[in-house]
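Remarks on the structure that follows.
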Amino acid sequence: MSTRRERLRAALRDDQGSLSMAVVIWAPVVVVLMAFLVDVGLLISDRTDASDLADQAARKVAQNVDQGWLKTHNVRSLKGENPGIMVDVDPTTGDCVPIARQYLVDNGIQDATITACRVDGNPTEQDLYVNPRITVTLRMQYKPLFVGFALKGDSTVTATGTATPVIPK
């Protein structure tokens, strides 16, 4: 009887193959977690890229200064303020989207779309000493590498960038 108990104890203590079962159970979990980490990292990178592109497109619009305005309205105020810099936009609509889109075309960026461009505070004859603020909104499609099935396919990344024109001294 004691030999039977000893054999049973030995069989219960024998853990051969238990490590391979742990690998079989945990390996897919680790692979799925790594796939999520890679895709989330790429999504964060795409958001950063979209923000950078929106800022650059806003700067492109800010560089489109109305030279005629600068020549005719280059008068300091009594307080010593410099006159505002007028950004050249479509006079009928005030639209600056074509200029912002041109930045994407000039740089060969095809996976982004300018959805809005607004110039706030362009100077006027009545309000000469203000500087405009350009706001560009951009949208990009994010395509996950590994876990698109869990994220329901492509995601949209939206970013907004701003700029103010500056004349170098």
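When the chain is treated as a GNM, springs tying every alpha-carbon pair under 10 Å, which of Val61, Val105, Val97 comes out with the largest mean-square fluctuation? Comparing Val61, Val105, Val97 in a Gaussian network model of the chain, the most mobile one is Val105.
Centre-to-centre, using Cα atoms only, the range 105-168 and the range 16-79 are separated by 12 Å. In the chain, helices alone account for a calculated mean residue ellipticity at 222 nm of -14500 deg cm²/dmol, with every DSSP H run of four or more residues adding -39,500 (n - 2.57). The aspartates and glutamates whose alpha-carbon is closer than 19 Å to the alpha-carbon of Lys79, local same-chain residues fewer than 8 away aside, are Glu125, Asp127. Residues whose amide H falls under 5 Å from that of Asp95, counting only those 5 or more places apart or on a different chain, are Asp90, with hydrogens built in the peptide plane. Simple point charges give the picture: +1 on the Cβ of Lys and Arg, -1 on the Cβ of Asp and Glu, and for the chain a dipole about the Cα centre of about 900 debye. Across Gln67, Gln56, Gln141, mean-square fluctuation computed from a Gaussian network of the chain (C-alpha pairs under 10 Å connected) peaks at Gln67. Computed from Cα positions, the angle between helix 97-106 and the longest principal axis of the chain comes to roughly 60 degrees.
Simple rule: put +1 on each Lys or Arg Cβ and -1 on each Asp or Glu Cβ in the range 86-146, find the dipole, and look at Val97, Ile114, Thr124; the Cα lying farthest toward the positive end is Ile114.
In the Gaussian network model of the chain, springs joining C-alpha atoms below 10 Å, which of Pro132, Pro98, Pro28 carries the largest mean-square fluctuation? Maximum among the listed residues: Pro28.
Using θ = phi - 60° in the Karplus curve 6.51 cos²θ - 1.76 cosθ + 1.60, the 3J(HN,Hα) couplings for the range 59-67 round to 5, 4, 5, 5, 6, 7, 7, 6, 5 Hz; x is entered for Gly and Pro.
If you bin all the Cα-Cα distances of the chain at 5 Å, starting from zero, the percentages per bin are 1, 8, 12, 12, 10, 9, 7, 6, 5, 4, 4, 4, 3, 3, 2, 2, 2, 2, 1, 1, 1, 0, 0.
Values quoted throughout were computed directly from the atomic coordinates according to the rules given, and no laboratory measurement underlies them. Predicted model only: the values in this text are computed from it and were never measured. Using ideal geometry, Cβ is built from the backbone for each residue, glycine included, and neighbour counts are taken over all protein chains shown.
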